[in-house]
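For reference, the structure discussed in these notes is given below.
The values are calculated or read from the model by the stated rules, or taken from the named source; none is laboratory data. What you see is a predicted model; the values in this text were computed from it and never measured. Neighbour counts are summed over all protein chains in view; Cβ atoms, including those assigned to glycine, are modelled from backbone coordinates with ideal geometry. SASA here: full protein model, heavy atoms, side chains in, ligands and nucleic acids out. Shrake-Rupley method; radii C 1.70, N 1.55, O 1.52, S 1.80 Å.
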Amino acid sequence: RLADGGPVASKSVVRVTYVLYGILLCTSLLMATFSDQLVRLLVGPAFAPAAPLLALLAPAAAFAGMYYFVTGYLFYAGRTGTLSAITLLCAASQVVLTVLLVKNGGARGVAIAALVSTFLYWATTALGANRIQPMPWVSSLGRNQS
């Protein structure tokens, strides 16, 4: 669709991306909200202490999925070097956050580091992708197709 190059194709891609973002975020919110029940149902009450970790890791997984939707713009533009730089920066930040947060927070600290890092990974990639391959993120919210 990006190769079509027209505004209708671009808006279509953005709208599909928004729908997929919504699905990921709603699913992660449901998982976080019902993490206690999910853990007890799927793996048993012995693992109940893991439920708060699932509540943090579910949105982290959503952000990781959202990242994959915006990487395509960088691949399409042939800017894999930019993607590599973002990956190195975000991986380094995750290591630093993990080391800092594991000391006081244990497994919860690691989950928080994962959540913050995956958000930064998605947000940085989305901003970089939009700078290199501008898309109609705001105008696609309207109803008209032009």
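For the reader, a short list of remarks on this structure follows.
- By average C-beta atoms within 10 angstrom, highest first, the peptides 118-126, 1-9: 118-126, 1-9
- Helix 7-33 and the long axis of the chain differ in direction by around 10°, with both axes built from C-alpha atoms.
- Over the chain: helical MRE at 222 nm, DSSP H runs n ≥ 4 each giving -39500 (n - 2.57), nearest 500: -28500 deg cm²/dmol
- When the chain is treated as a Gaussian network with alpha carbon springs shorter than 10 Å, the biggest mean-square fluctuation among Val19, Val99, Val43 belongs to Val43.
- Percentage relative contact order, segment 28-146, counting C-alpha pairs under 8 Å, at least six apart: 29
- For segment 30-74, the carbon plus sulfur part of the accessible surface works out to 78%, probe radius 1.4 Å.
- (i) 55, 32, 20; (ii) 54, 37, 28; (iii) 40, 37, 30, with the label sought being that of the calculated Cα extents along the principal axes in Å: (i)
- Formal net charge of residues neighbouring Thr71 (Cβ-Cβ distance under 15 Å; K, R +1; D, E -1): +2
- Between helix 80-132 and the chain: long-axis angle, C-alpha atoms, 0 to 90°, nearest 10: 10
- If the segment from Phe47 to Leu30 were pulled out straight at 0.36 nm per residue, it would be longer than the present Cα-Cα gap by 4.2 nm.
- For the chain, the longest principal axis of the Cα atoms and the long axis of helix 51-76 meet at an angle of about 20 degrees.
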